[in-house]
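The structure appears below as structure tokens.
The values are calculated or read from the model by the stated rules, or taken from the named source; none is laboratory data. Owing to the predicted nature of the structure, the values given are computational and were not obtained by experimental measurement. Here the Cβ is made from the backbone with ideal geometry for all residues, glycine too, and neighbour counts use every protein chain on show. These area figures cover heavy atoms from the full protein model, side chains too; ligands, DNA and RNA do not enter into them. Shrake-Rupley method; radii C 1.70, N 1.55, O 1.52, S 1.80 Å.
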Amino acid sequence: MTTGRQATARPLTFTEQARRAQLIEVTIQLIATHGYAGCSLQRIAEAAGITKAAVIYHYANKRAVIRAAYDTVIAGLTGHVGALIARADTPTGQVDAYVRGLIGYMDAHPDHVRVIVEALDDDHDTGIADRPGSPERWRPLADLVEAAKAAGAYRATLDARTTAIMLGGAIDAVVAEFLTDRSYDLGAAADAVVDMLHRTALRPA
């Protein structure tokens, strides 16, 4: 049986929308501080200044509110990166925008990084299927690489999937270093990843 306000079909009121936004923001902050394991409905309620029953009115259980927080983070990330890609005027510029946009968003939103990293942990029962090797992670970038190949900017022998997976690994690595050491310069790291891409992918002039 489904419980919680999210199960009903009635449109949310402005107050309900505001409360959900607050609960999502609180959940993101708690995950960043305590991880998924330390993010309970009671702790969410206390941080939001409401009762646990009030949280359950909006989200039936911990898994539901964590999923809502994760979806919010991913929507912010993809919206930011998508806007940068749309403004790029060449296929290679779009690949560069993807890399710089992803790293730049992580730099600006370290709390969101923890939410994404925690989602990759198989030990958490979140229902989130985002994994480093999943097609959902590499395919969008591989499509951009293929477009750059088709435009003649990248080497014809370049494998788009492998390139996307390698770039994803490089992005994950520099972001992980940033989480370990907040003084690590992610802007310089983004430049280095893009330079590595250009050296290996661009067709010789």
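For this structure, a couple of remarks:
- Residue-averaged 222 nm ellipticity for the chain, from DSSP H runs of 4+ at -39500 (n - 2.57), nearest 500: -23000 deg cm²/dmol
- Centre separation in Å (Cα based) which lies between segment 38-92 and segment 187-204: 32 Å
- Evaluated at q = 0.27 Å⁻¹: base-10 log I(q)/I(0), Debye formula over Cα of segment 39-100: -1.03
- Ratio of Rg to Rh over the chain (Cα coordinates, Kirkwood Rh, two decimals): 1.05
- Kyte-Doolittle at least 0.5, axis length at least 15 Å by Cα - qualifying DSSP helices, the chain: 62-87, 160-180, 186-201
- What a 1.4 Å probe finds exposed on segment 4-96 is 58% carbon and sulfur by accessible area, rounded to a whole percent.
- For Arg203 and Asp143, the difference between the fully extended length at 0.36 nm per residue and the C-alpha to C-alpha distance is 19.8 nm.
- Label-point separation in nm, Asp191 to Ala83, each point 7 Å along Cα→Cβ: 2.4 nm
- Protein heavy-atom accessible surface, 1.4 Å probe, per residue over the chain: 52 Å².
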